[in-house]
Each structure stands twice: as structure tokens, then as C-alpha cells.
Amino acid sequence: MKKITVFTLMLAGIAVLGQKVSDYKYISVPEKLKDFENKEPYGLEALLAKGLAGKKYIVVQTLKDWPAEAKDNPCSVGYANVSDNSSLLKNKVLFEIKDCNQKLIFSAKGASNIKSFKEGFQDALKEAIVAVPVSNPVEIVQTVKTEPVSVPSENKSETAPSSSVSENKSEKYTNGKLDLQKIQVDASQFILAESGSSVPFAVFKASSKRDVFRVKLRDGSSTIGYFENGNIVIDMPQSGGDFTKEVFSGK
């Protein structure tokens, strides 16, 4: 066995397990909360944005309006949502913030005895926002660390893969409706292309977080994508600022 030195990127900040919501600078608030989109306007989105701004977070909404820092690293953004958690006697909400991998990093409940839906839900949300800690963002820093890696001497020409992109062996993916070809452009970029189309279905560019990519869709919209259990997942933008999870499995 012969030892060679391989440089690997070790991410601080957002890559650290046990991330706290106060570590985040940006919080994304939907333009329309899903649980309330078919109901009369309660003003919860504006109230949530105002409450988070009061806690020193920078609130972002439509992806096209995100600042460059957030677009370049979608995993530096926390994603907020408010659900209707009401009982027969009280208006209740469940307020959650998740990271880019949908891991829960903050949760709080609020309840109100006010019977009016609009005033009651607003009162409940205000109670939940009180529990949010003030933003104290952690600087996202990349440091380089050298690690010895053992490889067989007969494979001297081989190097360890620099990205998890190369670990995925399948070149064809489908979501049951579309059959796409994965084309590796370089170590940090690949595309998903539909046969017969001159425009790629999606272009993936590596972010600062392993297995998470900045994605440009063929309609021009931007979102994030990531690897999950050997599949390629894209958060597909929907009207109103929501996202749906689209899973493409290797064929």
C-alpha cells in the first residue's frame, strides 16, 4: 500500500451538525403559506416577516429577489413555514424553520383564545415568534485540511473522487414522467437533459455544502437540488413561493 495526500474541503458553519436557527442570517418566508392559501387573507406572511426582521434576520422570499450571498449558498438560508394546528376551541399554529435538507432546526407553537380567525391566528403566531432567538449568524468559512489516504500501489493512476457527483454510477434518471440523461460537465457541474430537447432540463452547479447544488431550470427559474439515497432531488418552484419535491431515480 502506498500513501498519497488528498486535499478535502472541510466546511465550517452550515456544515456543522446541530445547527441553531440563530446561526442563520437569512430566513425564507413563503409569499403564501400553504395551510392558509385557500382561506381569506389573514396577513400571517407579513406578520411573520416583520417578526423575524425584529429578531435581526434578513427575510427573503421570491428566489429571483434573493441577494447574491443567499443564491450562491442556498444552505445558508433557513426555510420558515406556519401550519394550522387549531383545535375546536382555539386557533393554534405550528411555526417551523428547516434547513436546506428539510431538517428541523426550530419549532414553536402558538395558541389564542380569540375566536375570530384573522385576529386569532395573528395572536397565536405572535406568541410563537416570541420563542425565536435573535440572529447571531455564523460566518461560513471554507478551510483546507490534508488527510492521508491509503490506495493500492497497483492503482497509482487512480485518485479519490473529489465530489460525490462521480459516486453516482447511473447516467439515466426518471421521475416516472420524464426520462433524463445525466451529463457530467466537470467536477463541479452536471446537467440533466431530455432526449430531443436542445435546452437542458436542469443545470446543477456545486454549492459550498456537499451533495447540495444550485439548480437552473429550463424555464429560467432557480432552485436547489441534492443527492438523496442515490436519487437526484429537485425542489421544484410552485406558484405562490412554495416548492414540491421532485425525485429522479437512477434507471
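Which count do you get for residues in segment 103-137 that are within 24 Å of the chain's Cα centre (by Cα) and not in a loop (DSSP other than H, G, I, E, B)?
Within segment 103-137, residues that are within 24 Å of the chain's Cα centre (by Cα) and not in a loop (DSSP other than H, G, I, E, B) number 9.
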Exercise for the section: Determine which single condition SER221 fails, assuming it passes every other condition in (1) touching a residue at least 40 places away in the same chain (Cβ under 8 Å); (2) of a type in the set (Gly, Ala, Ser); (3) more than 21 Å from LYS34 (Cβ to Cβ). Expected result: (3)
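Do the conditions hold for ALA46, that is, is it outside any strand (DSSP E or B), out of contact with any strand residue (DSSP E or B) (no Cβ under 9 Å at 6 or more places or on another chain) and in the same structural domain as ILE114 (by TED's automatic domain parsing)?
In short, yes.
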Handout entry: So ILE129, is it surrounded by 15 or more Cβ atoms within 10 Å (Cβ to Cβ), on the phi < 0 side of the Ramachandran plot and modelled with pLDDT of 85 or more
Key = yes
Handout entry: Every residue from segment 74-102 that is among the hydroxyl-bearing types (Ser, Thr, Tyr) and either in the same structural domain as ARG210 (by TED's automatic domain parsing) or assigned to a loop (DSSP other than H, G, I, E, B) (or both)
Key = SER86, SER87
Handout entry: Search result, residues across segment 18-43 that are in contact with a Phe, Trp or Tyr (Cβ under 6 Å, 6 or more places away or on another chain), of a type in the set (Phe, Trp, Tyr) and in a strand (DSSP E or B)
Key = none
Fill in the blank from the handout: Across (1) surrounded by fewer than 16 Cβ atoms within 10 Å (Cβ to Cβ); (2) at pLDDT 85 or above, PHE243 clears everything bar (1)
Completion exercise
Over segment 219-236, the set of residues in a strand (DSSP E or B) and not hydroxyl-bearing (Ser, Thr, Tyr) is ILE224, GLY225, PHE227, GLU228, ASN231, ILE232, VAL233, ILE234, ASP235, MET236
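Quick test for you: out of VAL215, VAL247, VAL203, pick the one residue that is in contact (Cβ under 8 Å) with a residue 60 or more places away in the chain, in a strand (DSSP E or B) and β-branched (Val, Ile, Thr).
VAL247
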Practice task
For segment 189-204, indicate whether the set of residues that are under 28 Å from VAL29 (Cβ atoms) and surrounded by fewer than 15 Cβ atoms within 10 Å (Cβ to Cβ) is non-empty.
Solution key: no
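The values are calculated or read from the model by the stated rules, or taken from the named source; none is laboratory data. Everything quoted here is computed from the prediction, not taken from an experiment. Virtual Cβ from ideal backbone geometry, glycine too; neighbours counted across all protein chains shown.
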